[in-house]
Amino acid sequence: MKCPFCGHLGDKVVDSRESKEGEVIRRRRECLDCGRRFTSYERIDEIPYMVIKKDGTRERFERQKLIAGLLKACEKRPVSVAALEGVADKIEATLQERPEKEMGTDEVGRLVMDELKRLDKVAYVRFASVYRHFRDISEFMSELKDLLNAKD
């Protein structure tokens, strides 16, 4: 930390206090060169994770939107909410592990479909029908045949 009075880079922390909300840490510092005291404030600067939509716009990744889609796909299916939370955790972790803080909706959709295919085949087909925008029944049937032929 650079001393605001003399510009020296060395200091020692005399006192630290966390704000009531725990979002900011106030540190009282003393310059090792001139001996004057000053205060610094530290806070975590959170970089939002972004999703690139099909039209090229970007919006914040919202876990709740992901879970809402999963719940809709698994409606009236024997899939626990804990399992869906696990899917959301995996996808969120994948986004957080990436060096770039953005992911396309196509990639998010593929990750969701991969997880749903393992979790519940009916939920997978429901999600795929919305995600892939099947134009006619033959595309839908083709997906079903692929699913039936890929016996896990």
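Every number here is computed from the coordinates shown, using simple stated rules; none is lab data. In this text the structure is predicted, and so the values were computed from the model without any measurement. Note: ideal-geometry Cβ built from the backbone for every residue, glycine included; neighbour counts use all protein chains shown.
Below, the figures for the structure above:
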read-out: Span-rule helices in the chain, defined as complete DSSP H runs reaching 20 Å or more along the axis (Cα) with Kyte mean at least -1.0; value: 81-97, 105-119
read-out: Equivalent-ellipsoid semi-axes of the chain, from the Cα gyration tensor, Å, largest first; value: 52, 16, 12
read-out: Average silhouette area of region 39-117, convex hull of alpha-carbon atoms, in square nanometres; value: 7.1 nm²
read-out: Extension gain, GLU75 back to ILE25 (0.36 nm per residue minus Cα-Cα distance, nm); value: 13.5 nm
read-out: Computed E for LEU9/ARG43 - FRET, C-beta separation, R0 30 angstrom, nearest 0.05; value: 0.90
read-out: Which of CYS74, CYS3, CYS34 has the fewest Cβ neighbours within 10 Å, and the rest in rising order; value: CYS34, CYS3, CYS74
read-out: Ranked ASP55, ASP106, criterion: other C-beta atoms within 10 Å, fewest first; value: ASP55, ASP106
read-out: Extension gain from SER129 to LEU147, taking 0.36 nm per residue of separation minus the Cα-Cα distance; value: 5.2 nm
read-out: Formal net charge of residues neighbouring HIS8 (Cβ-Cβ distance under 14 Å; K, R +1; D, E -1); value: +2
read-out: Leading residue at positive end of dipole, region 50-149 (Cβ point charges), from LEU111, VAL51, ALA68; value: ALA68
read-out: Non-local Lys pairs in the chain, i.e. 8 or more apart or on different chains, that have alpha carbons under 16 Å apart; value: 13
